[in-house]
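Here is the structure we will look at, set down as structure tokens.
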Amino acid sequence: MTSSLVRVGIIGTGNIGADHVDRVAHQVSGARVEALFDVMTDRVSALADSVGARSLPSARAVIEDDAVDAIIVASPAEFHAELSLFSIAAGKPVLCEKPLAPTNDECQIVVDAELEKGRRFVSLGFMRRYDAAYRHLREHLDGDKIGIPLHLRCVHRNPDVPPTFTSEMSMTDAVIHEIDCARWLLGEEISSIRVISGKSTPDAPHGLRDPQLVIMESTSGVLVSVEIFVAAQFGYDVRCEVSGSRGFSSMGYQDLGDYVTVAGRHSAFSPNWRVRFGEAYRLEIQDWVNGLAVGEIRGANAFDGLAATTVAQAGVQAVRTGDIVPVHLPTRPSLYD
Ligand SMILES: NC(=O)c1ccc[n+]([C@@H]2O[C@H](COP(=O)([O-])OP(=O)(O)OC[C@H]3O[C@@H](n4cnc5c(N)ncnc54)[C@H](O)[C@@H]3O)[C@@H](O)[C@H]2O)c1
């Protein structure tokens, strides 16, 4: 790094990419936005001007620019592996939004590229690892406060989804966060997954089974259940409770903060993931930048990305077949210990 600030290039400036531009420019220390690319060129020029960055003509131009130290990838998922590979080839750290890639094979290629270089470049955008409530839960598990974890009971409710959203996307776009959280909280891999759907809400887009109940098992036999309900209307609601052999620990069930207005009594659910996890995204990027300043690659890694996609893809099969689908994950290379 030739500058005291980490000079960041950001690819994809839609919902989360534009938020990351704002975070790097205004909410974290030690970094600045150097260059942007999005296929929507008009929009990206204005955004670049607003943060004093350059708008470049392609993703590769951003990755290979001499004044760019590190990359954030926030384009649609089908480009994540390719852009991560370009970043690795250029020798630049990359914070890639989830998922690492839509298929296990593409994720494996990214892992193999890091193994070939003998070092890690990729951090993955599993920001819940930076959420204060999830961190408390993990402290309770690590601190042996509730005995041996036996069951993670998760709830993931979203107010609404676009009409094109499918039952399979509930696994690949939404439950993938619970998959990562379960692996991170338990320190074990997921070994099987099954998905059950019952009566659907009339608010679900045509063909979407919603809610669905996802039941996973970890390698030591811990149960992980997830109510995934993406057209829940009322707000964004993420909960997790761990039942242990000597107690339980939960997040999202308490402190919902009722409030009253002339229109009635309300619970202060977040309206969306942006609000609920805003601070977690900020902390994730701050930790990434802090790590780069001392030569460390922090956060979830490429193997975490491979594992999450592998479980999510098994979940897609489980949605389609109704079967209990085993998860086959390669052994974790020591680079990711
Ligand atoms: N970590 C999280 O909680 C979280 C939240 C939201 C989105 N995401 C992930 O971030 C990614 C983007 O999601 P989004 O909601 O911002 O989508 P979006 O559609 O709002 O934004 C994607 C942007 O990428 C641009 N784009 C399309 N093709 C491109 C290409 N080839 N090169 C560069 N840019 C291109 C689009 O023009 C658009 O501006 C997805 O993978 C999504 O899963 C993660």
Query raised in the report: Cα-based Rg of the range 1-137 per 2.2 N^0.38 Å, rounded to two decimals?
Result: 1.03
Query - Rg ratio (alpha-carbon, reference 2.2 N^0.38 Å) - the chain - result: 1.00
Requested in this report: Run down the lysines and flag those whose C-alpha is under 26 Å from the C-alpha of K98, throwing out any fewer than 8 positions away in its chain.
Outcome: K117
Requested in this report: Count charges around V155 for me, please; just the other residues with Cβ under 12 Å from its Cβ, Lys/Arg as +1, Asp/Glu as -1.
Outcome: -1
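Please compute the net charge surrounding A232, taking Lys and Arg as +1 and Asp and Glu as -1 over other residues with Cβ under 13 Å from its Cβ.
On the way: positive: R157, R239; negative: D160, D203, D210, E227, D237.
With Lys, Arg at +1 and Asp, Glu at -1, the neighbours total -3.
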Report summary line: Residues whose modelled amide H sits under 5 Å from the amide H of A300, counting only those 5 or more places away in sequence or on another chain, are L124, F126
**Report entry** 3J(HN,Hα) from dihedral phi, the range 236-247, Karplus parametrisation 6.51/-1.76/1.60, rounded to Hz, x for glycine, proline
**Finding:** 9, 9, 10, 9, 8, 10, 10, 8, x, 5, 10, x
Report task. For the chain, find the longest principal axis of its Cα atoms and tell me its angle to the long axis of helix 41-50, 0 to 90°, nearest 10. Result -> 80 degrees
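Over the chain, calculate the relative contact order: mean separation of alpha carbon pairs under 8 Å at least 6 apart, over the residue count, as a percent. Don't skip to the end; give the middle numbers.
Details: 694 pairs, mean separation 65.9, N = 337.
Dividing the mean separation by the residue count of the chain yields 20 percent.
Show me 130-136, 202-208 ranked by packing, highest mean number of other Cβ atoms within 10 Å first.
Values: 130-136: 16.7, 202-208: 13.3.
In decreasing order of mean packing, 130-136, 202-208 become 130-136, 202-208.
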**Report entry** Order of V6, V275, V226 - criterion: other Cβ atoms within 10 Å of each residue's Cβ, fewest first
**Finding:** V275, V6, V226
Requested in this report: Could you work out how far helix 104-117 tilts from the main Cα principal axis of the chain, as a 0 to 90 degree angle to the nearest 10?
Outcome: 50 degrees
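Just from its helices, what would the mean residue ellipticity at 222 nm be for the chain, if runs of 4 or more DSSP H residues each count -39500 (n - 2.57) and the sum is divided by every residue, rounded to the nearest 500 deg cm²/dmol?
Working: 10 runs with 110 residues, N = 337.
Result for the chain: -10000 deg cm²/dmol, rounded to the nearest 500.
Any read-out appearing in this document is the output of simple, stated calculations on the displayed coordinates, not a laboratory observation. These numbers were taken from a predicted model, which means no experiment stands behind them. Reconstructed Cβ throughout: ideal geometry from the backbone, glycine too, with neighbour counts over all protein chains shown.
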